[in-house]
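Reviewing the structure listed below.
The values are calculated or read from the model by the stated rules, or taken from the named source; none is laboratory data. Quick caveat, the model's predicted, so the values are computed rather than measured. As a convention, Cβ positions derive from the backbone with ideal geometry for all residues, glycine included, and neighbour counts pool all protein chains shown.
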Amino acid sequence: GRKGLIGHTQPRRLAARSVAGRLAEELSVPLGEQVGYQVRFNDQSSPSTLVKLMTDGILLAETQHDPLLLRYDTLIIDEAHERSLNIDFLLGYLKRLLPKRPDLKVIITSATIDVERFAAHFGSPKTPAPVVEVSGRTFPVDVHYRPLVRSEEDEDDRTLQEGILHAVREIETIEREKGWLHGPRDVLVFLPGEREIRETADTLRRADLKGTEILPLYARLSNEEQNRVFAPHRGRRIVLATNVAETSLTVPGIRYVIDPGLVRISRYSYRAKIQRLPIEPVSQASANQRKGRCGRIAEGVCIRLYDEEDFLSRPAFTDPEIQRTNLASVILSMLALKLGNIEDFPFVDPPDGRFVKDGFRLLFELGAVNDKQQLSALGRKLAKLPIDPRLARMVLAGAERGSLRDVLVVVSALAIQDPRDRPADKRQAADQAHQRWHDPDSDFVALLNLWHGIENAREALSGNQLRRWCRDHYINYLRMREWHDTFRQLRQLLRDMDIEVPAPLPRDENESEEQAKQARRKTSGKLHQALLSGLLSNLGTLLENREYLGARNRKFMIHPGSGLAKKTPKWVMAFELIETTKLFARTVAKIDPQWIEPQAQHLVKSSYSEPHWEMKRAQVVAFEQVTLFGLPIVARRRVHYGPIAPQESRELFIRRALVEGEFQTKGEFFTHNRALIEEVEALEDRARRRDILVDEETLFAFYDERIPADIVNGKGFEHWRKQAERQ
């Protein structure tokens, strides 16, 4: 920190803020001065800052205008074991940077890191980077294996909920045997998702565990609900958590862990082109991290609901995100930073080549790269916006279509966690409160309605009143503020790109909320067309039984949480397609299929059938079918076939128009020829012979020899004929 800043990255904003606060407290300095932090759209640092906490995404963004990171003399990359997309990109970038910045100190820290792999990555071919091990003060933890699948023939397998309840009963027995009836007695149960948390909570409540409080903990809970986990309490508390409790949040007072060994993990399917959320066994590193949650304050017990053989057969570490997600954002950043081929970039673990190909495919779909995988002018603009490339594409389309403000409001909401709260025990009340902003045809317009509802409340209410209003309407106050901050910061970034976001229209005091909603619905076409630019592979057309046919022959249903779940519009677009028990479309809108083709000219494929001569049009016509990723978006459209298949059209024109006479022209030759043919036909009838008139093939050859090759229809023929006759 003598020649520059000490930069310290964290994977999550919450961690960056809390670590900065703790450091400032320990150094007895105001937060934002000597110790500051910067997360997306919130910079709490100053010129006097010496230690800067930030998310890894912020440090990556800084490489765009400071490629050598000259502001820093030391960088600490924390929680490297999480191996997020940003962390892996950053590690590769720093590997390349260090030879150019030998003065830069880089420290990689983690609780469960693959030490040898990281030391080799940052070392020279002969000498790995030095490893420093810091032992924390932990207490012994007993591990008990209690598999749900029973080996004894006379014992039935247990359900997940039965296994957890049995483990809780075992903990009660252990406490009595060891005399651990005082001090910390809380239990942390790891579960793969919200549904499993709800089902387990129901089972435990029915079991009537005396003096026991049961609390859920997952990322989508409101801050108020999450904070209940940290509040003082009496008796025992059982916390039912997703893997947010593995590293992101430290739950206090935990003496026991129950680990079913499962996690819901995001995986991109390059075949289906969707993000899946399958439930999988956790890695050994994750299992050990979970075990470590109960050895912090006293001796602990970890009960694993699988056997030791299963544990030892699991992979040592969780697959890095770069090997299980779409790489469009990484590729876009690499192209903007001119870092060369992604195949040559020094990733700790190189991504699958098929995922790289899919990343380029998405960027081509968005118009960010050309067919030679080079960054386009549009792609350079997209790279300047620190959001998902699809969202960035929507923003720029909004600027082109005159709907930028509305698009920016919606995109700002899609870029963060949903500001609407749905507490597990008050879902019906929350849904009823949110119904006020519902739109029957579009979840995107519902977000726009919500924004205006919040803005009206912000104008009318004081700070405390607004908090109360948010609570009454099941709006998360902090996420609501984050939505507003995201909008404001994106607006500033657009200004820096010379794109001005229009001011809001003045509010009509006489207009009711319902009238305002109706007005927004009527003018939502431009909004949806702009959003469509980023969602061209997330379209669907209605089949039967509420099922939709989407791109690449995927079939999906509208998610039950959507405002359109009980409706069946003919065509829809969705912000995301997520596979859990089924493939669901989330955040959905009804669309006009005529919007699709103009935006997907570089992606659509056309096929033609039934080419035929139409005398009225004086041209060869065929029926065109247009498909986008295999999805028919135009079923049967009449088109002029001449420019598409000139040779075939010319032959049809000559045969039907000139040889068979299905053509209206003032050309003297044609009138003369037709009269002669009719005269000969009459002679054949009288003579009862059919060999006087030349056959059709001879006539065709006559015209074919004289008419230029580019004449394929009546208009072209007439133009050529008139010129020929003048000569």
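Yes or no: Leu493 in the same structural domain as Val407 (by the TED database) and in contact with a helix residue (DSSP H, G or I) (Cβ under 7 Å, 6 or more places away or on another chain)? If you could, list the steps in order and put the result at the bottom.
Numbers: in the same structural domain as Val407 (by the TED database): yes; in contact with a helix residue (DSSP H, G or I) (Cβ under 7 Å, 6 or more places away or on another chain): no.
Against the criterion (in the same structural domain as Val407 (by the TED database) and in contact with a helix residue (DSSP H, G or I) (Cβ under 7 Å, 6 or more places away or on another chain)), Leu493 does not qualify.
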Next item on the list: Look through region 684-701, keep the residues that are at pLDDT 60 or above and surrounded by 12 or more Cβ atoms within 10 Å (Cβ to Cβ), and return whichever of them is farthest from Pro643 (Cα to Cα).
Entry: Leu699
Check: Could you list, in sequence order, the residues of region 515-534 that are assigned to a helix (DSSP H, G or I) and in contact (Cβ under 8 Å) with a residue 60 or more places away in the chain?
Finding: Ala516, Lys517, Arg520, Arg521, Gly525, Lys526, Leu527, His528, Gln529, Ala530, Leu531, Leu532
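Given the criterion closer than 30 Å to Gly300 by Cα and modelled with pLDDT of 85 or more, identify the matching residue among Val134, Val168. Before you say what the answer is, go through the steps one by one.
Values: Val134 fails: modelled with pLDDT of 85 or more.
Of the residues listed, the single one that is closer than 30 Å to Gly300 by Cα and modelled with pLDDT of 85 or more is Val168.
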Next item on the list: Considering only region 702-723, state which residues are surrounded by fewer than 14 Cβ atoms within 10 Å (Cβ to Cβ) and assigned to a loop (DSSP other than H, G, I, E, B).
Entry: Pro708, Ala709, Asp710
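Can you give me the number of residues within region 211-246 that are in a strand (DSSP E or B), over 21 Å from Arg304 (Cα atoms) and in contact with a Ser or Thr (Cβ under 9 Å, 6 or more places away or on another chain)? Give the derivation first.
Let us first name the residues in region 211-246 that are in a strand (DSSP E or B), namely 212-217, 236-241.
After this cut, where a residue has to be over 21 Å from Arg304 (Cα atoms) as well, the list is 212-213.
After this cut, where a residue has to be in contact with a Ser or Thr (Cβ under 9 Å, 6 or more places away or on another chain) as well, the list is none.
Summing the residues that are in a strand (DSSP E or B), over 21 Å from Arg304 (Cα atoms) and in contact with a Ser or Thr (Cβ under 9 Å, 6 or more places away or on another chain) in region 211-246 gives 0.
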Item checked: Where Arg546 falls short, out of the listed (1) assigned by the TED database to the domain that holds Pro646; (2) free of Cβ contacts under 8 Å to residues at least 40 places away in the same chain -> (1)
Notebook entry, point to check: If a residue has to be in contact with a strand residue (DSSP E or B) (Cβ under 9 Å, 6 or more places away or on another chain) and either more than 21 Å from Val572 (Cβ to Cβ) or assigned to a helix (DSSP H, G or I) (or both) to count, how many in region 414-436 make the cut?
Noted result: 7
Checklist line | Answer residue from region 493-514, given it is part of a helix (DSSP H, G or I) and surrounded by fewer than 12 Cβ atoms within 10 Å (Cβ to Cβ) and is modelled with the highest pLDDT among those | finding: Arg495
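Could you count how many residues in region 7-54 are hydroxyl-bearing (Ser, Thr, Tyr) and assigned to a helix (DSSP H, G or I)?
From region 7-54, those hydroxyl-bearing (Ser, Thr, Tyr) are 9, 18, 28, 37, 45-46, 48-49; that's our starting set.
Cutting the leftovers down to assigned to a helix (DSSP H, G or I) gives us 18.
Going through region 7-54 one residue at a time, the tally reaches 1.
Kindly evaluate Arg71 against the criterion of being touching a residue at least 12 places away in the same chain (Cβ under 8 Å) and either within 27 Å of Phe347 (Cα to Cα) or surrounded by fewer than 22 Cβ atoms within 10 Å (Cβ to Cβ) (or both). Write out each step before concluding.
On the way: touching a residue at least 12 places away in the same chain (Cβ under 8 Å): yes; either within 27 Å of Phe347 (Cα to Cα) or surrounded by fewer than 22 Cβ atoms within 10 Å (Cβ to Cβ) (or both): yes.
Answer is yes for this residue.
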Next item on the list: Give region 188-210 a look and list any residue that's in contact with a strand residue (DSSP E or B) (Cβ under 7 Å, 6 or more places away or on another chain), of a type outside the set (Val, Ile, Thr) and outside any helix (DSSP H, G or I), or say none.
Entry: Leu188, Phe190, Leu191, Pro192, Gly193
Check: Is region 596-607 home to any residue that is β-branched (Val, Ile, Thr), more than 23 Å from the chain's Cα centre (by Cα) and within 22 Å of Leu527 (Cβ to Cβ)?
Finding: no
Margin query: I'd like to check which strands (runs of 3 or more DSSP E) are fully inside region 578-664 and have at least 1 residues that are of a type in the set (S, T, N, Q).
Written below: 583-590, 605-614, 619-628
Margin query: Take the conditions under 30 Å from Ile475 (Cβ atoms), not aromatic (Phe, Trp, Tyr) and not assigned by the TED database to the domain that holds Pro419 and apply them to Pro184. Does it pass?
Written below: no
Notebook entry, point to check: Limited to region 294-315, what total is found for residues that are closer than 30 Å to Gly57 by Cβ and at pLDDT below 90?
Noted result: 1
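To keep it simple, each residue is scored yes or no on (1) aliphatic (A, V, I, L, M); (2) in contact with a Gly (Cβ under 7 Å, 6 or more places away or on another chain); (3) surrounded by 11 or more Cβ atoms within 10 Å (Cβ to Cβ).
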| site | (1), (2), (3) |
| --- | --- |
| Thr138 | no, yes, yes |
| Asp142 | no, no, yes |
| Tyr145 | no, no, yes |
| Val187 | yes, no, yes |
| Arg205 | no, no, yes |
Checklist line | Among (1) small (Gly, Ala, Ser); (2) crowded, with 18+ Cβ neighbours inside 10 Å; (3) over 29 Å from Asn538 (Cα atoms) - the single one Ser562 does not satisfy | finding: (3)
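To keep it simple, each residue is scored yes or no on (1) at pLDDT 95 or above; (2) surrounded by 16 or more Cβ atoms within 10 Å (Cβ to Cβ); (3) over 30 Å from Ser533 (Cβ atoms); (4) outside the structural domain of Lys715 (by the TED database).
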{"residue": "His612", "(1), (2), (3), (4)": "yes, no, yes, no"}
{"residue": "Ala618", "(1), (2), (3), (4)": "no, yes, yes, no"}
{"residue": "Glu624", "(1), (2), (3), (4)": "yes, yes, no, no"}
{"residue": "Gly630", "(1), (2), (3), (4)": "no, no, no, no"}
{"residue": "Ala635", "(1), (2), (3), (4)": "no, no, no, no"}
{"residue": "Tyr641", "(1), (2), (3), (4)": "yes, yes, yes, no"}
